[in-house]
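**Q** This is the structure, below, for whatever I ask next.
The numbers here are math on the coordinates, done by the rules we state, and not lab data. Being a predicted model, the structure only gives us computed values, none of them experimental. For neighbour counting, all protein chains shown are included, and Cβ atoms are generated from backbone atoms with ideal geometry for every residue, glycine included.
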Amino acid sequence: MPRTVRRPRANPHDRELVRLAVPALGALAAEPLYLLVDTAIVGHLGTPQLAALGIATVILTTTFTLFNFLAYGTTAQVARLHGAGDSAAAARFAAQSLWLASAIGIALALASVALAQPAVALFGGTGETAHYAIQYLRIAALGLPSALIALAGQGYLRGTADLKTPLKIVIAANVLNVVLELLFVYGFDWGMRGSAAGTAIAQTTMGAAFAILLLRAPADRRRPDRRAISRLARIGGHLFVRTAALTGAFAVASAVLARVGTASLGAHQIAFQLWSFLALVLDAIAIAAQVVVGRALGAGRSQEAKTAATRMIWWAVALGTVLGAIMLALGSVLPQAFTDDPAVVERARAVWWLFALMQPAAGAVFALDGILIGAGDSRFLMWSMLACAFGVFVPIALLSLVLDWGIVGVWAGIVALISARLVLTLTRFVRGRWVIPDSPGDRL
């Protein structure tokens, strides 16, 4: 009798990875899409307006990025509580995340309005450009509280493994942003004010949608809880410093290359923007890792957390390898899509192989970040990032200026930064000190 050939079963972690990572990627693309729409619309108003948008969006994007712990910290805690079967505690934590996001957002909005002029001046804005940048910043800043609430809302829904709802809200907000900006800028002839107002209203609408979902969470109490807010603030503080250290490292890179020459700075901008785009793709796996690892540890399933985490690391490496190979293959043509300046193209090609070949390692690092965030190991991530950014990258970047290594030296420093982070986070992962199952005393 012939033997029945059994079809191999798909790895359940693979299915879950796809289910979580694909909508996460769509939601992660929200902020770049906002900026892309703003750039496309404002670019037709004139060069001073476009330059002003560049300054204002750098300020707003940096602010937004530094507080992404409202999403990541909330995801990890909610996933852990859901894994433990304590939905009420997860919902209470969601309410505290809403309070914290609101408080920080209001403070940032007030600060942005009050300090718009010196902030723009710090980034080199003068004359007509400064006028438009201040105008845009003060109006768009009104959407910051809602933007941070949206981060908290995404964090809560991710923690419950619902990544489709955030994607739907983000898509709706982006469509609204396009409609409002076209109406305000071209229909009402409001210029820069119209672009900023459209973005602020779209963000406010998005934030309101997430706030409703946070308030609908099945919590038995929603009043501010000092203990819960302190826990989120502590985790958030670690992730804030981690993000600030990485942001500071890239600021040093730009400052060094600005002194090397405009061609090198332009080439760095091309490579960095592509690196940021690829980071979005890789970060989708990191978000899936936060959810899966946090939930497994919350349920006390340590072995499942290890198995799923290992699988996701390999997937991230594989994806990084594919992305790196694509970038390597396009190295002779892609820089020319961004500039016609032969000097900039030559400098971009000089570092292209470094940029492309680092992608597999970057994939592993992003996945390990997600795993450790999901496990609540934020303190280690903070100190390891500080060590890598200021103990490894900054010295190499400064030596590149002193020893005339130029852009190749700076990007070699970035590769060293990623490599050092890989060594530290992988060592942490292998030793297993991040595996701390949930206990009832840890719950809210």
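**Q** Please compute the net charge surrounding residue 266, taking Lys and Arg as +1 and Asp and Glu as -1 over other residues with Cβ under 13 Å from its Cβ.
**A** Once positives and negatives cancel, what remains is -1.
**Q** Could you please report the charge total around residue 424, scoring K, R as +1 and D, E as -1 over all other residues with beta-carbon less than 15 angstrom from its beta-carbon?
**A** +4
**Q** In addition: Using unit Cβ charges (K, R positive; D, E negative) and no other charged atoms, how large, in debye to the nearest 20, is the dipole of the chain about its Cα centre?
**A** Dipole size: approximately 1920 debye.
**Q** Okay, next question. If the viscosity is 0.692 mPa s and the temperature 37 °C, what translational diffusion coefficient in µm²/s does Stokes-Einstein give for segment 144-183 when Rh comes from Kirkwood over Cα pairs?
**A** Answer from the Stokes-Einstein relation: 300 µm²/s.
**Q** 7 Å from Cα along Cα→Cβ at both residue 126 and residue 251: what's the point-to-point distance in nm?
**A** Computed distance between label sites residue 126 and residue 251 equals 2.2 nm.
**Q** Where Lys and Arg each count +1 and Asp and Glu each count -1, what net charge lies around residue 187 among other residues with Cβ under 14 Å from its Cβ?
**A** The answer is -1.
**Q** Quick check on the chain: helices-only [θ] at 222 nm, where DSSP H runs of length 4 and up contribute -39,500 (n - 2.57) each and the sum goes over total residues. Nearest 500, please.
**A** Calculated at 222 nm, the ellipticity per residue is -27000 deg cm²/dmol.
**Q** Ok, one more. Kirkwood Rh and Cα-based Rg: tell me the resulting Rg over Rh for segment 298-442, rounded to two decimals.
**A** Here Rg/Rh amounts to 1.08.
**Q** Full-extension gain between residue 436 and residue 221, please, as 0.36 nm times their residue separation minus the C-alpha to C-alpha distance.
**A** Contour length minus the Cα-Cα distance gives 74.6 nm.
**Q** So if each residue of separation counts as 0.36 nm, and I subtract the Cα-Cα distance between residue 339 and residue 399, what length gain in nm does that give?
**A** That pair, residue 339 and residue 399, stretches by 18.8 nm at full extension.
**Q** Along the charge dipole of segment 216-353, pointing to its positive end and built from +1/-1 on Cβ of Lys, Arg, Asp and Glu, which listed residue (247, 299, 314) has its Cα farthest out?
**A** Farthest along the dipole direction, towards plus: 299.
**Q** Averaging the inverse of every distinct alpha carbon separation and then flipping it gives the Kirkwood radius. What is it for the chain, in angstrom units?
**A** 22.8 Å
**Q** Now a separate question. Compute log10 of I(q)/I(0) for segment 353-416 with the Debye formula, placing one identical point scatterer on every Cα and leaving out solvent, at q = 0.23 Å⁻¹, to two decimals.
**A** Relative scattering, expressed as log10 I(q)/I(0), comes to -0.97.
**Q** Mind jotting down the three principal axis lengths of segment 41-150 based on Cα atoms? Whole angstrom, largest first.
**A** Ordered largest first, segment 41-150 gives principal extents of 58, 25, 19 Å.
**Q** Could you state the per residue volume, in Å³, of the convex hull enclosing the Cα atoms of segment 251-328?
**A** Enclosed volume per residue, from the Cα hull, is 97 Å³.
**Q** Right, another one. What does the highest-first list of 40-48, 61-69 look like by mean Cβ count within 10 Å?
**A** Packing order, densest peptide first, comes out as 61-69, 40-48.
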